[in-house]
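K.L.:
Could you have a look at this structure, given as structure tokens, before my questions?
The values are calculated or read from the model by the stated rules, or taken from the named source; none is laboratory data. Remember, it's a predicted structure, so these values are computed and weren't measured experimentally. Ideal geometry is used to build each Cβ from the backbone, glycine not excepted, and the neighbour counts take in all protein chains shown. Quick note on the areas: whole protein, heavy atoms, side chains included, nothing else; ligands and nucleic acids left out. Shrake-Rupley method; radii C 1.70, N 1.55, O 1.52, S 1.80 Å.
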Amino acid sequence: MVGVRACVRRVLVARRACWFVAVLALACQASLSAHAEETVDKIRRTHTLVVAYAPNQFPFVSVEDGQPVGYAIDICNRIADGLRRELRLPQLQVRYLEVDTRSRFDAIADGQADIECGTTTNNAARRNRFAFTIPHFFTTTRMMVRRDSGIRSWRDLRERRVVMVRGTSVVPYAKARDASGLLNIQWVQIDREADAMSMLQQAQVDAYADDDVMLYSYRSMASDPGALVIVGEALSVDPYAMMMRQDPAFKALVDREMVRMISTREIHALYRQWFLAPAGGGRVAMNLPMGYLLRDSFNFPTDKVAQ
């Protein structure tokens, strides 16, 4: 009798296990089906291109009258125009999805957005998960300090407090300057660029490390730009590029439109509009000429960048 009971018990356990495996398999299949749809097919079905953007990244992205505008947004709007032509979808709509420095990756990976337009760096680690188009900007990691701080190089940060935005590519570059710990730099990570600026101006930190182009942008919007300076030797060369899922068909369409904009010099006009002239919201011109890296890259546009 004991043997029979044990046998019955094993059968019931096996059945439960099979039921659990079957349910898990169905769930996985449903999840895979949700993500199996190619981006172009999704766009054809919905007649919509979903663009992810992070606000407060002027001149790449800012929000005016409730709508995102900027250099990166203008480029993505032209990519949408290219999709309308290539896919013969004149009724294609653009829907914007607001993200932040951390949620932008999930938005693309989970299919909430089709392309992310802003200041995302194309690096080797990210290429393991995502695809990137041809760069639209090159930047480097530097720091902003108060003019009267006496800080002019990374070596001057001994025993100082440095703020960075959590989840950005500058974090490992900046920390590498004190990998040995000899400078005893106190690193502070927060979630918003505006908070970093506030902490710097209120002397709660001694320096704010970020991409230099964004530091110039934030300084131009400060109440007293002359009180702030961007200093420190360049720590990196980072290409900004539009981020997508690893979908070759969709990426080919995006790349083709990027090449068209570059070859016709349309992208140069967009650069002048956003970096050299006063651009919306009553802002003063940044007066930031196109760097030689970006200018030379436009002569031979490619998505292949350094590791």
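K.L.:
Out of curiosity, is S297 part of a helix (DSSP H, G or I) and among the polar types (S, T, N, Q)?
P.N.:
The answer is yes for S297.
K.L.:
Look at I262 and say whether it is open to solvent by less than 40 Å² (accessible area, probe 1.4 Å) and part of a helix (DSSP H, G or I).
P.N.:
Criteria met by I262.
K.L.:
Can you confirm whether T140 is open to solvent by 10 Å² or more (accessible area, probe 1.4 Å), under 26 Å from G118 (Cβ atoms) and of a type in the set (S, T, N, Q)?
P.N.:
Against the criterion (open to solvent by 10 Å² or more (accessible area, probe 1.4 Å), under 26 Å from G118 (Cβ atoms) and of a type in the set (S, T, N, Q)), T140 qualifies.
K.L.:
Here is a follow-up. Evaluate the following for A125: is it in contact with a helix residue (DSSP H, G or I) (Cβ under 9 Å, 6 or more places away or on another chain) and closer than 30 Å to Q246 by Cβ?
P.N.:
No, not satisfied.
K.L.:
Looking at V205, V145, can you tell me which residue is in contact (Cβ under 8 Å) with a residue 12 or more places away in the chain and either part of a strand (DSSP E or B) or surrounded by fewer than 18 Cβ atoms within 10 Å (Cβ to Cβ) (or both)?
P.N.:
Matching residue, one of V205, V145: V145.
K.L.:
Now, a different point. Just checking, which of V213, V165 is among the β-branched types (V, I, T) and farther than 21 Å from G291 by Cβ?
P.N.:
After applying the criteria, what remains is V165.
K.L.:
In region 148-183, what residues are free of Cβ contacts under 8 Å to residues at least 40 places away in the same chain, open to solvent by less than 50 Å² (accessible area, probe 1.4 Å) and in a loop (DSSP other than H, G, I, E, B)?
P.N.:
Answer for region 148-183, where residues must be free of Cβ contacts under 8 Å to residues at least 40 places away in the same chain, open to solvent by less than 50 Å² (accessible area, probe 1.4 Å) and in a loop (DSSP other than H, G, I, E, B): D178, G181, L183.
K.L.:
Also: Only one residue in D100, D81 is open to solvent by 10 Å² or more (accessible area, probe 1.4 Å), within 19 Å of A249 (Cα to Cα) and acidic (D, E), so which one is that?
P.N.:
That would be D81, the only listed residue that is open to solvent by 10 Å² or more (accessible area, probe 1.4 Å), within 19 Å of A249 (Cα to Cα) and acidic (D, E).
K.L.:
Moving on. Give region 235-256 a look and list any residue that's closer than 16 Å to P135 by Cβ, open to solvent by 30 Å² or more (accessible area, probe 1.4 Å) and part of a loop (DSSP other than H, G, I, E, B), or say none.
P.N.:
Within region 235-256, just V237 meets the criteria.
K.L.:
Give the residue that is modelled with the lowest pLDDT, with candidates limited to residues of region 265-279 that are loosely packed, with under 15 Cβ neighbours inside 10 Å and of a type in the set (G, A, S).
P.N.:
The residue in question is A277.
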